[in-house]
Amino acid sequence: METDSVIVLRNLTRDYGTARALDNINLEVGRGEIFGYLGANGAGKTTTIRILTGLLRPTFGDAFVCGRNIALEPMEVKARIGYVPESGAIFEKLSPNEYLTIIGQLYKLPASPLRDRIDYWLRFFRVSERADQRMEVFSKGTRQKICWIAALLHEPEILILDEPLNGLDVETIAAVKELMKSFAASGRTIFYSSHLIDVVEKVCTRIAILQNGRLIGGGTIDEVRMIAGGASLEEGLLRMWQEQR
């Protein structure tokens, strides 16, 4: 598929039985963007992300990542993305060193650079001293840090984030926000789903707003603010959601 966008959704639709979770979603995300994907609980954000990461197939329509159709070339797409889920799901019986080594091997990273990358990110997220402990004793926030490291190890072109700050402490959130900005500044792309409007307002270049499985608007942060007369992003979003009811 010829396009300058690294994420393209075309008429993306997903049904669960008789319930329609996504209804004809069309959007494009360019290289170097931090793209916010916003909506209330049940709006369809996580369903979209599961399709983008190859965990779920659409009922209709297509999702392209780096020009590849995720439904047709899932392994090629997965090699290019890093995914941080909301749940912080990991193999709890393993230590970070064991788990991250397996993740790196799945991405076919050579042993020496893999070790260097694991050590670097363990230091960045301040969990080096726990590298050999079983993760079953970790807090939710510490598990989330390990999920971040697993997503970054193979230096992906695209980060797909689903409420990725859940459980993180204030210092780590500040570090991650700067990490997101530098990731995008290097020409890579972030697709970011979150309820933390203040973070979205500070880091995102553009946003799309989802309600009941449909896109109801979007644009730059300033464009959405102007919907509420130049007030905050939160006020603009509330005005948009209320007008759709």
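The values are calculated or read from the model by the stated rules, or taken from the named source; none is laboratory data. Note that the coordinates shown come from a computational prediction; the quantities given were computed from them, not determined experimentally. As a convention, Cβ positions derive from the backbone with ideal geometry for all residues, glycine included, and neighbour counts pool all protein chains shown. Protein only, heavy atoms only, side chains kept; ligands, DNA and RNA dropped before computing areas. Shrake-Rupley method; radii C 1.70, N 1.55, O 1.52, S 1.80 Å.
Values as computed for the structure displayed
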{"quantity": "Flag if Gly104 is at pLDDT 95 or above and either assigned to a helix (DSSP H, G or I) or more than 21 Å from the chain's Cα centre (by Cα) (or both)", "calculated": "yes"}
{"quantity": "Qualifying residue in the range 109-119 (condition: within 23 Å of Val170 (Cβ to Cβ), part of a loop (DSSP other than H, G, I, E, B), open to solvent by 40 Å² or more (accessible area, probe 1.4 Å) and not small (Gly, Ala, Ser))", "calculated": "no"}
{"quantity": "Yes/no for Arg130 being in contact with a helix residue (DSSP H, G or I) (Cβ under 7 Å, 6 or more places away or on another chain), free of Cβ contacts under 8 Å to residues at least 60 places away in the same chain and surrounded by 15 or more Cβ atoms within 10 Å (Cβ to Cβ)", "calculated": "yes"}
{"quantity": "Residues of the range 167-189 that turn out to be open to solvent by 40 Å² or more (accessible area, probe 1.4 Å), in a loop (DSSP other than H, G, I, E, B) and in contact with a helix residue (DSSP H, G or I) (Cβ under 7 Å, 6 or more places away or on another chain), as a count", "calculated": "2"}
{"quantity": "Single unsatisfied condition, Arg143 versus (1) closer than 30 Å to Pro110 by Cβ; (2) open to solvent by less than 10 Å² (accessible area, probe 1.4 Å)", "calculated": "(2)"}
{"quantity": "Tyr83 farther than 29 Å from Gln242 by Cβ, out of contact with any strand residue (DSSP E or B) (no Cβ under 7 Å at 6 or more places or on another chain) and not in a loop (DSSP other than H, G, I, E, B)", "calculated": "no"}
{"quantity": "In the range 190-224, the residues that are open to solvent by 60 Å² or more (accessible area, probe 1.4 Å) and assigned to a helix (DSSP H, G or I)", "calculated": "Asp198, Lys202, Asp222, Glu223"}
{"quantity": "Candidates Val77, Val84 - the one that is in contact with a helix residue (DSSP H, G or I) (Cβ under 6 Å, 6 or more places away or on another chain), closer than 22 Å to Thr189 by Cβ and not polar (S, T, N, Q)", "calculated": "Val84"}
{"quantity": "Lone unmet requirement of (1) assigned to a strand (DSSP E or B); (2) over 17 Å from Phe125 (Cβ atoms) for Leu159", "calculated": "(2)"}
{"quantity": "Any strands (runs of 3 or more DSSP E) falling wholly within the range 4-59 and containing at least 1 residues that are open to solvent by 60 Å² or more (accessible area, probe 1.4 Å) and in contact (Cβ under 8 Å) with a residue 60 or more places away in the chain", "calculated": "19-30"}
{"quantity": "Residue check for Tyr99: open to solvent by 40 Å² or more (accessible area, probe 1.4 Å) and either free of Cβ contacts under 8 Å to residues at least 60 places away in the same chain or not β-branched (Val, Ile, Thr) (or both)", "calculated": "no"}
{"quantity": "Filtered residues of the range 125-172 (kept if more than 16 Å from the chain's Cα centre (by Cα) and of a type in the set (Lys, Arg))", "calculated": "Arg126, Arg130, Arg134, Lys140, Arg143"}
{"quantity": "Where a residue in the range 167-194 is touching a residue at least 60 places away in the same chain (Cβ under 8 Å) and its partner, wherever it lies, is open to solvent by 40 Å² or more (accessible area, probe 1.4 Å) and not in a loop (DSSP other than H, G, I, E, B), with Cβ under 6 Å and at least six apart", "calculated": "Gly167/Lys140"}
